[in-house]
Structure formats: C-alpha cells, structure tokens
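Encoded as structure tokens, the structure appears first; notes follow it.
The values are calculated or read from the model by the stated rules, or taken from the named source; none is laboratory data. Model, not experiment: these values are computed from the prediction. Cβ: placed from backbone, ideal geometry, glycine included. Neighbour counts: every protein chain shown. Remember, those area values only see protein heavy atoms, side chains included, never the ligands or the DNA or RNA. Shrake-Rupley method; radii C 1.70, N 1.55, O 1.52, S 1.80 Å.
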Amino acid sequence: MLSGASNAFAAMFDVQRGTDNVGGRAITRHKCLLAMDKQHEHGHKYAVSSGMWYPVNIGLFVTGSYDHHINVWDTNTTQVVMDFKMSGKMYRTAMSPLATSHMLIAARTEDVQVHLCDIASGAFAHTLSGHRDGVMTVEWSTSSEWVLLIGGCDGAMRSLNQK
C-alpha cells in the first residue's frame, strides 16, 4: 500500500503480513518497506495528497503533492524517473486500470481544470475545462481505458472520451 501524509512523507507498506496485533486482533500494524520524506533527494516539500501504483507494472508508482509536483518513481531504486510541474497544489491523481495503449495520469489541481500528463512522452497531453466552480474528483472508467469521469463542484458529472 502507498500512503501519503501532510508532513510530506510518502511510504510503502506490506499489507499482506502484519507485524503485530493491537487490541486483540482488531487492529494490525504493518511494516513500512520504504519511506521518502523531505530529506530524500527527490522527496516532496509539502503534503503528499495522492499516491498510486502504476496499474500495469508495480515497478512504478506516482505521488502528487501540494508542492505542485507529480512524481513518477521507480519502485526498485526509489528515484524519480519523471517529474511533472503543475500549476497548483495537487489534490488527486488517477490512472486507468485498463490502459494498454496510453500512460496518462489525470491530475486534479487547485484550479478548475484537469491536466493529463503522459508518462510515455514526459509531456502534458491535454488540459480539460468545463466545470465552472472547480473539480472535485477524477476517475478513469473501469469499462474503457479512454473514458475519464470528472465530478465538479458545480454538481455536474462529465464523461470524456480521450481517444
């Protein structure tokens, strides 16, 4: 499991095996396998608001932060292999669990747009607009790798086909 924290700490935990039980098995603690904090060479400087595994290969994972960066990490070396500088605080990142023909990260920042970052090229692929009052969430469809669902503060839900 990937975890982010308000103190800029990002960590990876082994959730398959607990280290000890607390409160008569009601709570299980898990071993921290890897941690990156502000002192890490490529660590985030502010709160880590989003963390996710690359869906096709767990050799990569993605973190988003209030420091305006999305980092793509190599799991084995704990080095950042790609860094996307965003226009504002990162609130949410999402990748399609079905994608075989694209490597897009949908990013929700503090502005009213959704940004698509392409891991394959290292560039911004698109900026999506349409919600007047900001974006609350972004999720890729579980039935099509090209459909992105965006929920706005204006109460509207938009479904966009990115192909």
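Here are some notes:
- For the range 60-157, the set of trypsin sites (Lys or Arg not before Pro) satisfying both a DSSP loop assignment and a count of at most 16 other C-beta atoms within 10 Å is given as R132.
- Here T28 and R132 are evaluated by their C-beta separation; at R0 = 35 Å the FRET efficiency comes out at 0.20.
- Residues of type aspartates and glutamates that K38 reaches as a straight line, Cα spacing below 17 Å, ignoring anything fewer than 8 places off in the same chain: D67, D83
- Per residue accessible area in Å² of the range 1-133, where ligands, DNA and RNA are left out and the probe is 1.4 Å: 53
- Across the range 75-83, coupling constants 3J(HN,Hα) worked out from phi with the 6.51/-1.76/1.60 Karplus curve, θ = phi - 60°, read 4, 6, 9, 6, 10, 6, 9, 7, 9 Hz, and Gly and Pro carry x.
- Under the simplified labelling scheme, the Q39-S6 pair shows an inter-label distance of 2.3 nm, with each label point 7 Å from Cα along Cα→Cβ.
- Karplus-derived HN-Hα couplings along the range 146-153 (A = 6.51, B = -1.76, C = 1.60, θ = phi - 60°), whole Hz, x at Gly and Pro: 9, 9, 10, 9, 10, x, x, 5
- Close amide-amide hydrogen proximity is noted between Y54 and L60, F61, V62, each under 5 Å apart and 5 or more residues distant or on a separate chain (H modeled in the peptide plane; Pro and chain starts excluded).
- Placed amide H near M90: partners under 5 Å, 5+ positions off or other chain: S65, Y66, D67, H68, H69
- Dipole magnitude for the range 1-125: about 360 debye, using +1 per Lys or Arg Cβ and -1 per Asp or Glu Cβ, origin at the Cα centre.
- Solvent-accessible area, 1.4 Å probe, carbon plus sulfur percent, for the chain: 51
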